[in-house]
Amino acid sequence: MLFNKERALEFMTEFGLDALVATTRHNVLYLSGFQGWAQYTYGDATTETFAIFFRDTGVAPTLIVSRQDETYYSATGSWIEDVRGYGPRSALDVEPDEQGATDEERNYLSLIDEGAPREANSVDALVRVLRERGISSGNIAIDNEGIRPASRAGLEAAFPGISFHDGANLFRLIRLQKTAEEVERLRAAAALNEEALSAFHAELAVGKTEREIASHYYRTVAAGGGKWSWFHLGGGRRSASIFPPSERPFQAGDGFFFDAGMRLEHYCGDVGCCGSFGEPGAERKAQWDAIQTGLEEAFGTIRAGVKPSEIFRAAVAGAKKAGLPNYNGAFCGHTIGIEARELPYTLSEPTPLTDPFLPESSDIPFPAGAVLSVELPSGKFGEGGVHAEYTVLVTESGMEHLGAAKRDHFVV
């Protein structure tokens, strides 16, 4: 299961919350295991989806999906048993005695059955569920980033005795500690990203353009069932930082720099590294060795309880000591999961936070089960740069690589 029930219940008890309501595609997926095409494609301006979890575990959670997403629920299902559709039923002729030949068809029939609970819109459906559960007072954290203002207002008007709290960041705080299924999805995403990395490495050649090489990354991700999110690739002077692939052909003596992100089964992979066409010069080798030392120092700090700033400071100190005394990077990586960057976002110096469910700063200690992308780019404008990025799982006593445990400066 993606949803960490135990962690959610701990925070709900701490903050006196009676229910959590997920609304964004990320949090609906996390809580219910379901993601429809309409919410993902059109966003919340067109359709709303809600997943509700109650602190009283004797009260059944509920998933509310729009008419557009009913077939996708029927195909993928959810661990939540109480699933309801809303809105006008689809134009579909169904015989009165139709029972369905498959689980998919039976799931669908259960939603469109004339006797199934069904409201005209998402708000009325959510109001009905809360009333059926006997909740008319107390505190509910609602994922405020995926509900329309008018829907929020209608919900509050229907329940003047309930205090609705902005809970988007509470969901992120819960999601910081990954479940075993989430870790395996992240491991699979990292593996496919590594495969795509090898595929475009194999095609690198003087005279080929950056865009031509990028196409091999895109195709390998797609062939493995993934979806690419970004692919930064630049050669020569463009390798000083992250740039989109261009029509520039690679030349002998070029350095190159890449950073690639994708998703598999809704979980993100992020990998980065660099290389050169021909053996790198002494200065580039020294720069590469320095960031590797910085990364090793960062790895040495990672264990349950470590703070983002501690990882960052160790990485920077290591890089400076190893040959980059003027290193001025502002971060050395980020968290990763359903979103490419999750709370507390970057491994960096802390920043102030103002949220009812979060601590005073972004220096949130990582629990065992957090997943990080640890990276240390270093570039010189007009010349080029080096980069390496790793995906790691925080454990009680240290860390575990989910992707490659070692990266080399790739030589074409």
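Residues being in a loop (DSSP other than H, G, I, E, B) and open to solvent by less than 10 Å² (accessible area, probe 1.4 Å): count how many of those fall in segment 370-393. Talk me through it step by step, then tell me what you get.
Let us first name the residues in segment 370-393 that are in a loop (DSSP other than H, G, I, E, B), namely 370, 376-377, 381-383, 387-388.
When the remaining residues are screened for being open to solvent by less than 10 Å² (accessible area, probe 1.4 Å), the result is 370, 376, 387-388.
So the count comes out to 4.
Those residues that are under 20 Å from G225 (Cα atoms) and buried (at least 21 other Cβ atoms within 10 Å of the Cβ), I need them from segment 265-280; list them, please. Write out each step before concluding.
First, the residues of segment 265-280 that are under 20 Å from G225 (Cα atoms): 265-271.
Selection gives Y267, C268, G269, D270, V271.
Would you mention how many residues in segment 13-44 are out of contact with any helix residue (DSSP H, G or I) (no Cβ under 7 Å at 6 or more places or on another chain), in contact (Cβ under 8 Å) with a residue 24 or more places away in the chain and charged (D, E, K, R)? The qualifying residues number 2. Residue pairs whose Cβ atoms lie under 6 Å apart, separated by 6 or more positions or on different chains, with the first residue in segment 49-78 and of a type in the set (V, I, T) and the second buried (at least 24 other Cβ atoms within 10 Å of the Cβ) and at pLDDT below 90, are T49/Q39.
Name the residues in segment 359-387 that are under 18 Å from G403 (Cα atoms) and hydroxyl-bearing (S, T, Y), would you? The one that is under 18 Å from G403 (Cα atoms) and hydroxyl-bearing (S, T, Y): S373. Answer with yes or no whether V271 is under 30 Å from G33 (Cα atoms) and in a loop (DSSP other than H, G, I, E, B). Judged against the criteria, V271 is not a match. The number of residues in segment 91-117 that are closer than 22 Å to S32 by Cβ and open to solvent by 40 Å² or more (accessible area, probe 1.4 Å) comes to 9. Residues of segment 175-197 that are over 13 Å from the mean Cα position of the chain (by Cα) and hydrophobic (A, V, I, L, M, F, W, C): A180, A188, A191, L192, A196, L197. Counting only strands (runs of 3 or more DSSP E) wholly contained in segment 1-90, the ones carrying 1 or more residues that are open to solvent by 20 Å² or more (accessible area, probe 1.4 Å) and in contact with a strand residue (DSSP E or B) (Cβ under 8 Å, 6 or more places away or on another chain) occupy 82-86. A search for C-beta distances below 8 Å between a residue of segment 273-296 that is more than 24 Å from A190 (Cα to Cα) and any residue that is of a type in the set (F, W, Y), counting only pairs 6+ apart in sequence or on different chains, returns F277/F250; F277/F256; P280/W288; A290/Y327.
Please state which one of D93, D82, D97, D69 is among the charged types (D, E, K, R) and either in contact with a Pro (Cβ under 8 Å, 6 or more places away or on another chain) or at positive phi (or both).
Working: D93 fails: either in contact with a Pro (Cβ under 8 Å, 6 or more places away or on another chain) or at positive phi (or both); D97 fails: either in contact with a Pro (Cβ under 8 Å, 6 or more places away or on another chain) or at positive phi (or both); D69 fails: either in contact with a Pro (Cβ under 8 Å, 6 or more places away or on another chain) or at positive phi (or both).
After applying the criteria, what remains is D82.
Between A319, A330, the distinction of being open to solvent by 20 Å² or more (accessible area, probe 1.4 Å), touching a Ser or Thr at 6+ places or on another chain (Cβ under 7 Å) and of a type outside the set (S, T, Y) belongs to A330 only.
Pairing each residue of segment 205-217 that is touching a residue at least 24 places away in the same chain (Cβ under 8 Å) with any residue that is assigned to a helix (DSSP H, G or I), provided the two are 6+ apart or on different chains, yields C-beta distances under 8 Å for E210/R238; I213/F200; I213/E203; A214/F200; Y217/A196; Y217/L197; Y217/A199; Y217/F200. Of the residues making up segment 316-365, those that are among the aromatic types (F, W, Y) and either closer than 23 Å to D143 by Cβ or in contact with a His (Cβ under 9 Å, 6 or more places away or on another chain) (or both) are Y345, F357.
Residues in segment 166-225 that are open to solvent by less than 60 Å² (accessible area, probe 1.4 Å), among the hydrophobic types (A, V, I, L, M, F, W, C), over 16 Å from F258 (Cα atoms) and not in a helix (DSSP H, G or I): L176 alone.
The values are calculated or read from the model by the stated rules, or taken from the named source; none is laboratory data. Note that the coordinates shown come from a computational prediction; the quantities given were computed from them, not determined experimentally. Neighbour counts run over all protein chains shown; Cβ positions are idealised from the backbone, glycine included. The protein model used for the area step is the full one, side chains on, heavy atoms only, and it has no ligands, DNA or RNA in it. Shrake-Rupley method; radii C 1.70, N 1.55, O 1.52, S 1.80 Å.
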